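Below is one structure, written out as structure tokens; comments come after it.
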Amino acid sequence: MDIVQKRVIAPTGLFSSAGARSNAKAQLNEFCIVTLTGNQQPVGTPPVPWTEAQYTDPNNGTPVTGWIYDGYLEDYPNAGNVVPIESSVKLSYASLEVQDIIYQKIKQYNLCGEFSVAHIVGDGIVNLLNKWASNAPAIASVILAKGLPAGLDQIKTILTMYGLQGPFPGFLEGLKDAVIGKRPYLATPGRMAKMLQNNWLIAGVRIDNRTGEFVRSGGSNHVGHWIVVETVTPFGLNNGDVRVYNPFPNNYQTITFRLLLESMGSGDPSLVDDSSGLWIPRSLPAPGSVTS
């Protein structure tokens, strides 16, 4: 039988029996993913479907099987596979945050920078991490042993490992005009679209750490996150569609240009600066090649 996964759309319980309303075995919220067992049972008059499902709490890794009213369940799109993730490091349960893996026996929550580089160079995440740990052990060991996020300096060491030599211009530096100078308003859809013809942009944004959605301000669940900006299609006044690779779901997304800049500036596009991103030329060597 094929494994079927569903997302929960609103807070509810996972109960011992179909139709139960109290003494839930587990409490679920709208960010949970459950795996169906294949069992379903009608309850009530008129009958409504209840579905048996398994949920694993990400905090303790304990699976719980129970019943949930089917109206709380919605189709869950297939997890992204843009960057290959070897089965040996995948979590044993479904999660919205596909970038979470087990590496060196540690659950890695903050690999968005490494996934972004893996996407650009066309390598698998485990292969990239293994090479990084081998080629730059003093840097990689500190990040991976503690599950820390990689900053721009660490990202540069991985890029260099794949044959690219810096300096890599920061976000505004790459958009600088020789006459106008380096100003925030040069981060326009047209200028970025032109720059992206020959470059990738690893951009620092804010996301909701429960859903991976881009956010404009710093709420309690909002965290810093690296993505890859691929293309900008301008329309209107300082707006347009932006295609990005988002490591959180390990998949592509399309967002508006305004949301991108607002997310990069924590709600204020005027706050973007050189630390907000890194321009990387598209003249890469063959994926997987490593300089000595």
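For segment 54-201, the fraction of 1.4 Å probe accessible surface lying on carbon and sulfur atoms is 50 percent.
For the pair Lys182 and Gln27, label points projected 7 Å from Cα toward Cβ lie 4.9 nm apart. I want to verify a result. In a Gaussian network model of the chain, Cα cutoff 10 Å, which of these has the top mean-square fluctuation: Ala20, Ala187, Ala118? Most flexible of the set in this elastic network: Ala20. In the chain, helical runs assigned H by DSSP with n ≥ 4 each contribute -39500 (n - 2.57); averaged across all residues and rounded to the nearest 500, the mean residue ellipticity at 222 nm is -5500 deg cm²/dmol. From the cross-link list Lys25/Lys146; Lys90/Lys194; Lys107/Lys176; Lys156/Lys176; Lys131/Lys182, which pairs have alpha carbons spaced over 31 Å apart? Correct reply: Lys25/Lys146; Lys90/Lys194; Lys107/Lys176; Lys131/Lys182.
In sequence order, segment 230-238 has phi-based couplings of 9, 9, 10, 10, x, 7, x, 9, 6 Hz under the Karplus curve 6.51 cos²θ - 1.76 cosθ + 1.60, θ = phi - 60°, and Gly or Pro positions carry x.
Ranking Val242, Ser283, Ala145 by how far each Cα lies toward the positive end of the dipole of the chain (charges on Cβ) leaves Ser283 at the top. Averaged over its residues, segment 50-138 has an accessible area of 45 Å² per residue, based on protein heavy atoms and a 1.4 Å probe. With a ≥ b ≥ c taken as the square roots of the eigenvalues of the C-alpha gyration tensor of segment 129-242, please select rounded if a/c is under 1.5 and otherwise prolate if a/b is larger than b/c or oblate if it is not? Here segment 129-242 falls in the oblate category. Between Val48 and Gln253, full extension at 0.36 nm per residue minus the direct alpha carbon distance yields a gain of 70.3 nm. A cut-off of 5 Å between modelled amide H atoms, ignoring neighbours fewer than 5 places along the same chain, links Gly163 with Thr291.
Remark: the chain carries a charge dipole of roughly 400 debye about the Cα centre, counting +1 on each Lys and Arg Cβ and -1 on each Asp and Glu Cβ. Think of a 1.4 Å ball rolled over the protein heavy atoms: segment 157-292 then has 46 Å² of accessible area per residue.
The values are calculated or read from the model by the stated rules, or taken from the named source; none is laboratory data. Fair warning: this is a prediction, and the values are worked out from it, not measured in the lab. FYI the Cβ positions are ideal-geometry reconstructions off the backbone, even for glycines, and counts take in every protein chain you see. Areas reflect the complete protein model, heavy atoms only, side chains present, ligands, DNA and RNA absent. Shrake-Rupley method; radii C 1.70, N 1.55, O 1.52, S 1.80 Å.
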